[in-house]
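The structure appears right after this line, and notes come after that.
The values are calculated or read from the model by the stated rules, or taken from the named source; none is laboratory data. Just so it is clear, the structure is predicted and the values come from calculations on it, not from any experiment. Here Cβ is always computed from backbone atoms with ideal geometry, including for glycine, and neighbour counts include all displayed protein chains.
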Amino acid sequence: MLTNGLLLVAKNPAVVPILNRQLTNKTLHREYLAWVSKSNQLKQSGTISLSIGHDPDDQRKRMVRLDGQKAITHYEVIKECENKELVKLTLETGRTHQIRVHLAALGAPIIGDPLYNPNYQNGEKLQLTAYQLTFMGPFKFESKTVKLIEK
């Protein structure tokens, strides 16, 4: 896995189906930060709604496909530099490589992405971080938010 940041792990096996149900019901919310190549197609904020399916030429990859699965990503540009932008992303669906495929489709591939960034330089790290998770506590049923602390 190339994405860095938060990872939700159930220590108790009885909690796994509870968390899986939250994923299915879309009550487990994940937010990401990504440094991307600057693109005119990427507005200040918006929603990317492009279906995603397997790439027939490379089984490791996904691609935008009319016959693919529905995929929705909400985004907001929160910082701009010379040739890159920091984008906050929220998933409405959770398809394999969804963020990576959606941003690349808008001409704003994630920096350090060896699969979807045509300007990838060997040795670069993928600049995609899972920085916030919000979910219902499995026993007290209260909303919990976990946020990655900045260095």
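Quick grid of which residues meet (1) small (Gly, Ala, Ser); (2) closer than 16 Å to His29 by Cβ:
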residue	(1), (2)
Leu106	no, no
Ile111	no, no
Pro114	no, no
Tyr120	no, no
Ala130	yes, yes
Thr134	no, yes
Phe139	no, no
Lys147	no, yes
- Message: Condition first: surrounded by fewer than 16 Cβ atoms within 10 Å (Cβ to Cβ) and assigned to a strand (DSSP E or B). Now tell me which residues in segment 30-53 satisfy that.
- Response: Ser45, Gly46, Thr47, Ser49
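Working carefully through the options Leu23, Leu2, Leu7, find the one that is at pLDDT below 90 and in a loop (DSSP other than H, G, I, E, B). Talk me through it step by step, then tell me what you get.
Details: Leu23 fails: in a loop (DSSP other than H, G, I, E, B); Leu7 fails: at pLDDT below 90.
Just one listed residue meets the conditions, Leu2.
For segment 73-91, check the following and say yes or no: at least one residue is basic (Lys, Arg) and under 21 Å from Leu19 (Cβ atoms).
Kept after step one, since they are basic (Lys, Arg), are these residues of segment 73-91: 79, 84, 88.
Cutting the leftovers down to under 21 Å from Leu19 (Cβ atoms) gives us none.
No, the conditions are met nowhere in segment 73-91.
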- Task: Would you please name the residue that is nearest to Thr73 (Cα to Cα), looking only at residues in segment 26-47 that are β-branched (Val, Ile, Thr) and modelled with pLDDT of 95 or more?
- Result: Thr47
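Residue-by-condition table, conditions (1) farther than 23 Å from Glu150 by Cβ; (2) aliphatic (A, V, I, L, M); (3) over 16 Å from the mean Cα position of the chain (by Cα):
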residue	(1), (2), (3)
Val16	yes, yes, yes
Asn20	yes, no, yes
Thr47	yes, no, no
Ser51	yes, no, no
Glu76	no, no, no
Glu80	no, no, yes
Leu91	no, yes, no
Leu106	yes, yes, no
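Per-residue answers, yes or no, for (1) part of a strand (DSSP E or B); (2) surrounded by 13 or more Cβ atoms within 10 Å (Cβ to Cβ):
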residue: Asp67; (1), (2): no, no
residue: Leu89; (1), (2): yes, yes
residue: Arg100; (1), (2): no, yes
residue: Asn122; (1), (2): no, no
residue: Leu133; (1), (2): yes, yes
residue: Phe141; (1), (2): no, no
- Kindly indicate the residue of segment 50-67 that is in contact (Cβ under 8 Å) with a residue 24 or more places away in the chain and touching a strand residue (DSSP E or B) at 6+ places or on another chain (Cβ under 6 Å) and also nearest to Leu89 (Cα to Cα) among those meeting that condition. Leu50
- What pairs can you find where one residue is in segment 92-106 and closer than 17 Å to Tyr120 by Cα and without any contact (Cβ under 8 Å) to a residue 40 or more places away in the chain, the other is part of a loop (DSSP other than H, G, I, E, B) and among the acidic types (Asp, Glu), and their Cβ atoms are less than 9 Å apart, with a gap of 6+ or different chains? Arg100/Asp113; Ala104/Asp113
- Does Leu115 meet the test of being in contact (Cβ under 8 Å) with a residue 24 or more places away in the chain, out of contact with any Phe, Trp or Tyr (no Cβ under 7 Å at 6 or more places or on another chain), surrounded by 16 or more Cβ atoms within 10 Å (Cβ to Cβ) and not in a strand (DSSP E or B)? yes
